[in-house]
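I have a structure I would like to understand better, so I am pasting it below and will then ask my questions one at a time.
No value in this document is a laboratory result; all are computed from the given coordinates. Quick caveat: nothing in here was measured; it's all calculated off a predicted structure. Positions of Cβ are generated from backbone atoms using ideal geometry, with glycine treated the same way; all protein chains shown enter the neighbour counts.
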Amino acid sequence: YTWNANKYVYHELNPISITYVNLANTTEEFEEILANNSYLSSSFEQQFIAGLNYTFTYNELVSKDKKTPIYFSTGLDVAGNTLSLISGGKTTVFGLEYAQYVKAEMDFRYYLKWGKESALVSRLYAGWGIPYGNSTTLPFVKQFYSGGPYSVRAFEIRSLGPGTFISEEDSTSSFYDQSGNLRLEANLEYRFPVIGNLKGALFADSGNIWNVFDNVEDPEATFSSLKSLEDIALGTGFGLRYDFTYFVLRADLGFKTYNPAEESSKRWFRDYNIANSVLQIGINYPF
């Protein structure tokens with residue numbers, strides 16, 4: 001069900017949302033990875049996800065005359081409660097193990113516009129999923145990740161976090177695929193015209209993911225207190241966009257300005273050159 005309450009307010013409700021995941025064919029290498037990592041293994045155990053989700057959006061960007069429009073969206077995803085009632089508290093329904101969790105997300109953006117095409121855009125994002133009952137961790141398809149063209153752009157997709165964790169190459173025992181059930185991010189981007197349909201941008205992205213209230217006990221990956229905010233990474237850089245009217249093709253070059261996974265003395269980035277940058281290609285603006 002989707003409806004517009006007014007010009008700015010939009011609602012979307014999916015009263016029935018079903019996801020079925022079945023690992024029909026797996027390689028020996030993949031099975032070894034699961035056998036050596038209880039977190040990743042448990043995230044694939046839940047095969048049947050059934051629940052509802054709701055999204056509320058307030059969007060002033062539809063008004064072209066506003067110089068300081070805001071955008072706010074929040075969503076709630078709940079799974080497993082109805083199935084728990086149907087099954088009488090059993091861990092399976094229709095012969096399938098089902099997941100139980102509640103997941104919430106919030107996305108707030110503020111746009112400061114001047115001239116015809118210049119703008120300073122800020123964004124705050126928070127997402128948190130809590131497994132309970134039948135689940136000890138979020139299903140893999142519902143977990144958060146950080147890094148990539150729509151996140152902290154100085155880090156490759158799924159390469160940031162959780163916490164200060166860093167993947168060891170060729171090590172299945174430390175394999176996380178770097179996802180978690182808590183995600184915090186903040187972004188700042190200055191957008192300006194270059195020539196014609198070519199636009200430019202300077203940006204700073206910060207954020208990370210963690211695990212909390214699940215079966216992960218690794219202190220490097222867990223959000224345990226406000227001190228864990230020291231694990232937030234910072235990426236800075238610049239980019240070019242070309243406006244094709246119907247979509248925007250974007251290329252961003254980011255630098256790992258602060259990397260919490262490094263040793264304390266090496267976390268701040270000093271060697272700014274193209275060889276140490278990360279190139280991200282995306283469609284449309286990141287936020």
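Provide Rg and Dmax in Å for segment 1-160, with only Cα atoms included in the calculation.
Every Cα atom of segment 1-160 included, Rg and Dmax give 19.8, 62 Å.
Given the DSSP H assignment, sum -39500 (n - 2.57) over each helix run of at least 4 residues in the chain and divide by its residue total; what's the result at 222 nm in deg cm²/dmol, nearest 500?
It comes out at -2000 deg cm²/dmol, rounded to the nearest 500.
My understanding is that a pair violates if its Cα-Cα distance is over 21 Å; which of LYS7/LYS67; LYS113/LYS256; LYS103/LYS227 do that in this structure?
Beyond 21 Å between Cα atoms: LYS113/LYS256; LYS103/LYS227.
Could I ask something else about it? With no solvent and one equal point scatterer per Cα, compute the Debye intensity ratio I(q)/I(0) for the chain at 0.07, 0.09, 0.11, 0.12 Å⁻¹ and report its log10, rounded to two decimals.
So the normalised log intensities are -0.31, -0.51, -0.76, -0.89.
Return the tail of the calculated pair distribution for segment 203-273, meaning the percent of Cα-Cα pairs more than 19 Å apart.
Distances greater than 19 Å cover 52 percent of the Cα pairs.
Out of every Cα pair in segment 1-68, what percent are spaced more than 13 Å from each other?
Tail fraction, whole percent: 76.
Kindly rank 262-274, 179-191, 114-126 from highest to lowest mean number of other beta carbons found within 10 Å of each residue.
Sorting 262-274, 179-191, 114-126 by mean packing, highest first, produces 179-191, 114-126, 262-274.
Under 20 Å Cα to Cα from LYS199, which aspartates and glutamates show up? Leave out anything in the same chain fewer than 8 places away.
The reachable aspartates and glutamates, counting only those whose Cα sits under 20 Å from LYS199, are GLU117, GLU189, ASP243, ASP252.
What do you get for GluC sites (Glu not before Pro) in segment 6-42 restricted to DSSP loop and a cutoff of at most 15 other Cβ within 10 Å of the site's Cβ?
none
Semi-axes, largest first, in whole Å: what does sqrt of 5 times each Cα gyration tensor eigenvalue give for segment 89-230?
35, 18, 14
Between segment 26-102 and segment 198-276, what is the C-alpha centre distance in whole Å?
Using only Cα atoms to place each centre, the spacing works out to 24 Å.
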